[in-house]
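Below is one structure; the comments refer to it alone.
The values are calculated or read from the model by the stated rules, or taken from the named source; none is laboratory data. What you see is a predicted model; the values in this text were computed from it and never measured. All Cβ positions, even for glycine, are placed from backbone atoms using ideal geometry, and neighbour counts span all protein chains on display.
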Amino acid sequence: MKILIIGSKGFIGSHCVDYFKSKNNDVWQADINKSNDKNYYQITSHNSDFSIIFKENKFDYCINASGSANVGFSFKNPSKDFELNVVNVQKILVAIRDFNNSCKFINFSSAAVYGNPQVLPITEDSPCKPFSPYGFHKLQSELLLKEYYKFFGLNTCSLRVFSAYGPRLKKQLFWDLYEKSKKNNNVYLYGTGNETRDFIYIDDLLQIIDLVIQHAKFQGSTYNVANNIEITISNAAQIFINEFYPSKKLLFNGETKLGDPNNWLADISKLKAIGYKQNISIEQGLKKYVAWLRENE
């Protein structure tokens, strides 16, 4: 397969590059960073144009791992978040429609589209009630994928990623714990610790992308990307602390962080139907993440 990965220098994108290269695919990359990599396009961070990529090549699949994945940033700069998560997706779709309309397009959405769900587990048919600009923008990107399937016949699929983690991730809960535990004996986090998430390790996420490519319907489709395992922030954080700095004390400040949901648990029946099985537990995944952190200190 000839695969284009946009956002190839980011957390998920860089892992996609390594994974699909290891499967002997013809992998091309695009990102805003300079690179000497073969088959690489540098795109601009402002007013990005993707047309030339699809004019010059014909891809079987395009995986868009670009954009912003920061809820806090979306409150501070909603215009930029909209550009990165909605406008750029529309530009990619137009380029595919105009120059490579047989290319199947996978876009990373987010569980943030659900907001603060009242009923668990969350299915793909659960109400979408985002409560951050980021969540609204991810939902708008999904609607674009449905639009371009319905009106232009493009093959599109959105992956609603819940709480992904692993080596190379330098933000969110576990990176925050890493940074704080290096400097303080008492490690404070937002919330009460009773909030819950549904974590997925990067290797399992890559397995899902591969299964989607092989078996999914590309009809503006959506898939939850998680493990159907609910764990409290307190328990997940303690597993990390025990691996990294067991002597540190974990504390919670009781304050709610703007845009953070209370509880997440995904229904993954659609994933299981195409063959997904979890390989990496939270304990195993955090061992691997901590090992990477130690190697890169």
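Screening Phe50, Phe59 for residues that are of a type in the set (Phe, Trp, Tyr) and in contact with a helix residue (DSSP H, G or I) (Cβ under 8 Å, 6 or more places away or on another chain) leaves exactly one candidate, Phe50. Of all residues in the stretch 205-221, those that are on the phi > 0 side of the Ramachandran plot have Cβ atoms under 6 Å from Cβ atoms of residues that are crowded, with 21+ Cβ neighbours inside 10 Å and not acidic (Asp, Glu), 6 or more apart or on another chain, in Gly220/Leu145; Gly220/Thr156. Checked against (1) under 24 Å from Asp203 (Cα atoms); (2) surrounded by fewer than 18 Cβ atoms within 10 Å (Cβ to Cβ); (3) in contact (Cβ under 8 Å) with a residue 24 or more places away in the chain, His15 meets all criteria but (2). If you go through the stretch 179-226 and pick out every residue that is in a strand (DSSP E or B) and among the β-branched types (Val, Ile, Thr), you end up with 5. The sole residue among Glu142, Glu147, Glu179 that is within 30 Å of Glu283 (Cβ to Cβ), within 22 Å of the chain's Cα centre (by Cα) and acidic (Asp, Glu) is Glu179. Checked against the criterion of being surrounded by fewer than 18 Cβ atoms within 10 Å (Cβ to Cβ), at pLDDT 95 or above and either closer than 30 Å to Thr196 by Cα or not polar (S, T, N, Q) (or both), the candidates Phe59, Phe75, Phe50, Phe108 yield just one match: Phe75.
Set side by side, the residues Asn70, Asn57, Asn85, Asn107 differ, and just one is in contact (Cβ under 8 Å) with a residue 24 or more places away in the chain and in contact with a strand residue (DSSP E or B) (Cβ under 6 Å, 6 or more places away or on another chain), which is Asn107. Out of the residues in the stretch 269-291 that are closer than 25 Å to Asn70 by Cβ and not aromatic (Phe, Trp, Tyr), state the one that is surrounded by the fewest Cβ atoms within 10 Å (Cβ to Cβ). Result: Lys288. Evaluating Glu255 against the criteria (1) farther than 20 Å from Leu159 by Cα; (2) at pLDDT below 95; (3) out of contact with any Phe, Trp or Tyr (no Cβ under 6 Å at 6 or more places or on another chain) leaves one unmet condition, (3). The sole residue among Val161, Val89, Val113 that is of a type in the set (Val, Ile, Thr), within 20 Å of Leu173 (Cβ to Cβ) and in contact with a Gly (Cβ under 8 Å, 6 or more places away or on another chain) is Val113.
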